[in-house]
Amino acid sequence: MKLSTKGRYGLRALVDLVLYAQGEPMPLASIAGRQAISVQYLEHVFSALRKGGIVKSIKGPRGGYALAEPPEKMTVSRVLQAVEGTHAIVQELGKEEEKSENTIEQVIRESLWQPIDEAVASVLEQVTLADLAEEARRKESDNSPMFYI
């Protein structure tokens, strides 16, 4: 499985939203500035996130984007599904394709590709935006300079 830039930037932008929005709608320009991502690119990403029910847009002078649900309920799996679609390592086979599969193809699919897909899906389902934001906060506080007198 290889994530596109859209998926990686979308995840970064959402963690930024969790860290800095503090319950208020966040303009894309603010996220773009902090994350060094073009506003135009984020508009495409957030369009997919909005259609996927991950964010909601608020219009007006104090508008922007906000999470549609609390970050504790928003799994990485859901986010990537909204932006990337399926995150399977190999495309799922239809009934007819499965019937025409030879033994070696079937063994490889069942013994290798399916367990990899299940492991990846398990990790993506366990991690939430809140988890990622908390880890980012922890790392930032670990990296803050120490001042001695």
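The values are calculated or read from the model by the stated rules, or taken from the named source; none is laboratory data. What you see is a predicted model, and the numbers here were worked out from it, not measured in a lab. Here the Cβ is made from the backbone with ideal geometry for all residues, glycine too, and neighbour counts use every protein chain on show.
Of all residues in the range 5-45, those that are of a type in the set (S, T, N, Q) and part of a helix (DSSP H, G or I) total 4.
Taking the criterion of being basic (Lys, Arg) and either under 15 Å from GLY7 (Cα atoms) or in a helix (DSSP H, G or I) (or both), the residues of the range 46-67 that qualify are ARG50, LYS51. Taken over the range 32-76, the residue count meeting the criterion of being in contact with a strand residue (DSSP E or B) (Cβ under 8 Å, 6 or more places away or on another chain) and within 13 Å of ARG12 (Cβ to Cβ) is 3.
Taking TYR41, is it aromatic (Phe, Trp, Tyr) and surrounded by fewer than 21 Cβ atoms within 10 Å (Cβ to Cβ)? So TYR41 passes the test. Residues in the range 19-31 that are touching a strand residue (DSSP E or B) at 6+ places or on another chain (Cβ under 7 Å), touching a residue at least 40 places away in the same chain (Cβ under 8 Å) and under 19 Å from GLU134 (Cβ atoms): ALA21, MET26.
Set side by side, the residues GLU110, GLU72, GLU105 differ, and just one is part of a helix (DSSP H, G or I), more than 20 Å from GLY7 (Cβ to Cβ) and modelled with pLDDT of 95 or more, which is GLU72. Screening the range 44-68 for residues that are charged (D, E, K, R) and more than 15 Å from the chain's Cα centre (by Cα) and picking the one that is surrounded by the most Cβ atoms within 10 Å (Cβ to Cβ) gives LYS56.
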